[in-house]
Amino acid sequence: MARDCNQTGLLHRNGDDLTKLKLQFLASLNHEIRTPLSGIFGMTDLLLETELTLDQREYVAATRECATQLFDLLNTTLAYNSLLSGGIKLEAVEFRPSEMLESLAAEYQVRAAQKGLELKVEFSQQLPDAVRSYEYHVKQVCGLLLNNALKFTTKGRIYFSVEPAPDGLRFAVRDTGIGIPPERLPELFDPFYQGDSAVRSTSGLGLGLALARGLVELMGGSLNVESTLGRGSRFSFTLKFNVEQSAGDGEAPESAVSLKRILLVDDDRISQRIITAILRKSDIPCDTVADGLSALERVAGGDYSLILMDLRMPGIDGFETARRIRQLKDSRSVPVVALTANCDDDTRAQCWREGMAAFLTKPVQPSELMSTVQRFLRMSAGH
């Protein structure tokens, strides 16, 4: 074994090289696992909308739940590794808190209902219209806390609340789950902590809360917990936000929104089928192409209000395709939304530098896709 490693040069690499190699391997692994997972999520969702027997519906739902557990495990493990290695890079962007939160709530309301629970949303009416902060990581922490609540709640409700706080927003997730003994609270955020043996049958590595705390602290806040054994727990954190002045999109009638056309650029046939099926439910027409050169031809000869762009394609990649689209006289202002299985911070930061209008990570949840699409189509209709 030592000889094989030496032949590949691994024994001669220093610590920094090995860390870089490990991160590159994990990024590649992440992409390759997310792509088939996207197909499993999308196809099981489409299958659940067809006529099935009760047994068939149960089998498909169980398949999707297994994929969800694998997806959550992948996300948490890779993100925690990036946190430990200092690979997480915060990128502040302007976004609408209400849209981000509504999309997240819609996803977890479905997951709660599948477990026989109710997710009650309590978003303040005084939330700022637009802010500048770390949208992806704020959403990531909320997702981790909601996952934790779903994991340890077998009956009752989960409450997800967001309200204004001095210079920022306060986020909280409360559940009616098993609760935590007072003596266990100090070790709750330790990595690989999974609670008492009575609940260790639940899935996961015990990294979710450790990752959530690390991300909140990285963003300048602190994650707090209150819990009563047998009655539930409440996790909360407060972050500062820079409030942005919004020009206002101008709400267009739904009929005007549905008349706009989208171009989907993605070389994955299954991904094409899933996304077009989601858009078709809202009567949004969508053309599809499988590579950058075909996209340039379509954009040059068509009138599109939005382009969904996969970043990793044969020939010219999504970044280069987007650059060339902006060089076309009549298409410079068409928003391009990145669509990718690469969810690392470097890719996300490059998207913002390249002028991408938004960033969607595969597997894309239908609620998140539609929230993003409708937002840009409303903006287009209001111009």
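Miscellaneous remarks
- Some residue of the stretch 96-110 being exposed (fewer than 13 other Cβ atoms within 10 Å of the Cβ) and modelled with pLDDT under 90: no
- Applying the condition of being farther than 13 Å from Ala105 by Cα and among the β-branched types (Val, Ile, Thr) to the stretch 142-158 and asking which residue is most open to solvent (accessible area, probe 1.4 Å) yields Thr154.
- Qualifying residue in the stretch 22-40 (condition: closer than 16 Å to Arg111 by Cβ and modelled with pLDDT of 90 or more): yes
- The residues listed here are Ile325, Ile284, Ile316; of these, the one that is in a helix (DSSP H, G or I) and open to solvent by less than 40 Å² (accessible area, probe 1.4 Å) is Ile325.
- Counting only strands (runs of 3 or more DSSP E) wholly contained in the stretch 99-194, the ones carrying 3 or more residues that are of a type outside the set (D, E, K, R) occupy 118-123, 157-165, 168-175.
Listed here are the residues, each with its yes/no results for (1) within 26 Å of Tyr108 (Cβ to Cβ); (2) of a type outside the set (Gly, Ala, Ser); (3) open to solvent by 40 Å² or more (accessible area, probe 1.4 Å); (4) under 15 Å from the mean Cα position of the chain (by Cα).
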{"position": "Ala338", "(1), (2), (3), (4)": "yes, no, no, yes"}
{"position": "Cys343", "(1), (2), (3), (4)": "yes, yes, no, yes"}
{"position": "Ser367", "(1), (2), (3), (4)": "yes, no, no, yes"}
{"position": "Leu377", "(1), (2), (3), (4)": "yes, yes, no, no"}
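- Residue in the stretch 211-233 that is more than 25 Å from Lys151 (Cα to Cα), over 22 Å from the mean Cα position of the chain (by Cα) and either hydroxyl-bearing (Ser, Thr, Tyr) or at pLDDT 95 or above (or both) present: no
The values are calculated or read from the model by the stated rules, or taken from the named source; none is laboratory data. Just so it is clear, the structure is predicted and the values come from calculations on it, not from any experiment. Here the Cβ is made from the backbone with ideal geometry for all residues, glycine too, and neighbour counts use every protein chain on show. Only protein heavy atoms, including side chains, enter the accessible area calculation; ligands, DNA and RNA are left aside. Shrake-Rupley method; radii C 1.70, N 1.55, O 1.52, S 1.80 Å.
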